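The values are calculated or read from the model by the stated rules, or taken from the named source; none is laboratory data. Fair warning: this is a prediction, and the values are worked out from it, not measured in the lab. Note that each Cβ is placed from the backbone with ideal geometry, even for glycine, and that neighbours are counted across all protein chains shown.
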Amino acid sequence: MPLHRIYAAKGTFSPPEKKAIAQSITNIYNSIPIPAFYTVVVFIDVDEESIFVGGESNARFVIDLIQDAFAPYVRDRGLDWESHVEWVEREFWRENGMRPPLPNTEAEKKWVELNKPVPY
């Protein structure tokens, strides 16, 4: 499950920008295709006085994973950002208590079609 946690100073992104970012990130995974519900984007607002980079206050710093989807909202606004990737092994991953189907199987195609986990 692609989980994106986006830490940024409060007010960095408006609600419409958050939605657009989440949709851009989700569209990347939809092109694989995997079910849209696999992709989770969480915005974590941080007080400006609580963000430090190299020991110095930096309220213009954002952390995320997908560079191109994020660029119009971060790079193009002159904000600094960081990327981090964690890979979770399939045996530790569940959707509604079910192991996700293997790639390119009929079960996975059904999950993509319905955009929700169903028994297989």
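Among the numbered conditions (1) surrounded by 11 or more Cβ atoms within 10 Å (Cβ to Cβ); (2) at pLDDT 90 or above; (3) farther than 26 Å from LYS109 by Cα, the only one that PRO35 does not meet is (3). In the stretch 88-102, the residues that are under 18 Å from ASN115 (Cβ atoms) form no Cβ pair under 8 Å with any partner that is modelled with pLDDT of 95 or more and part of a strand (DSSP E or B), whether six or more places apart or across chains.
Selection of the stretch 29-52 for residues being over 20 Å from PRO117 (Cβ atoms) and within 10 Å of the chain's Cα centre (by Cα) yields only PHE43. In summary, PRO101 fulfils each of the numbered conditions (1) of a type outside the set (A, V, I, L, M, F, W, C); (2) over 20 Å from ARG5 (Cα atoms); (3) in the same structural domain as VAL40 (by TED's automatic domain parsing) with the single exception of condition (3).
Which one is modelled with the highest pLDDT, of the residues in the stretch 88-108 that are loosely packed, with under 13 Cβ neighbours inside 10 Å and charged (D, E, K, R)? Please lay out each step first, then the result.
Here is the first cut: in the stretch 88-108, the residues loosely packed, with under 13 Cβ neighbours inside 10 Å are 88-94, 96-97, 102-106.
Retained after the next criterion (residues that are charged (D, E, K, R)): 89-91, 94, 106.
Values: GLU89: 84, ARG90: 82, GLU91: 86, ARG94: 92, GLU106: 96.
Across the stretch 88-108, the extreme among qualifying residues is GLU106.
Looking across the stretch 11-44, the residues that are without any contact (Cβ under 8 Å) to a residue 24 or more places away in the chain and in a loop (DSSP other than H, G, I, E, B) come down to SER14, SER31, ILE32.
The sole residue among VAL112, VAL118 that is more than 28 Å from PHE13 (Cα to Cα), in contact with a Lys or Arg (Cβ under 9 Å, 6 or more places away or on another chain), among the aliphatic types (A, V, I, L, M) and surrounded by 13 or more Cβ atoms within 10 Å (Cβ to Cβ) is VAL118.
Any residue at all in the stretch 68-87 that is within 12 Å of the chain's Cα centre (by Cα), surrounded by 18 or more Cβ atoms within 10 Å (Cβ to Cβ), modelled with pLDDT under 85 and not aromatic (Phe, Trp, Tyr)? Yes: the stretch 68-87 contains one or more residues that are within 12 Å of the chain's Cα centre (by Cα), surrounded by 18 or more Cβ atoms within 10 Å (Cβ to Cβ), modelled with pLDDT under 85 and not aromatic (Phe, Trp, Tyr).
Name the one entry in ALA20, ALA71, ALA59 that is among the small types (Gly, Ala, Ser) and in contact with a strand residue (DSSP E or B) (Cβ under 6 Å, 6 or more places away or on another chain). Explain how you work it out, then say what you get.
Working: ALA20 fails: in contact with a strand residue (DSSP E or B) (Cβ under 6 Å, 6 or more places away or on another chain); ALA71 fails: in contact with a strand residue (DSSP E or B) (Cβ under 6 Å, 6 or more places away or on another chain).
It is ALA59.
Report, by residue number, each residue of the stretch 45-62 that is assigned to a strand (DSSP E or B) and buried (at least 18 other Cβ atoms within 10 Å of the Cβ). It would help to see each step written out before you state the result.
First, the residues of the stretch 45-62 that are assigned to a strand (DSSP E or B): 45-46, 52-53, 56-57, 61-62.
PHE61, VAL62, listed by residue number.
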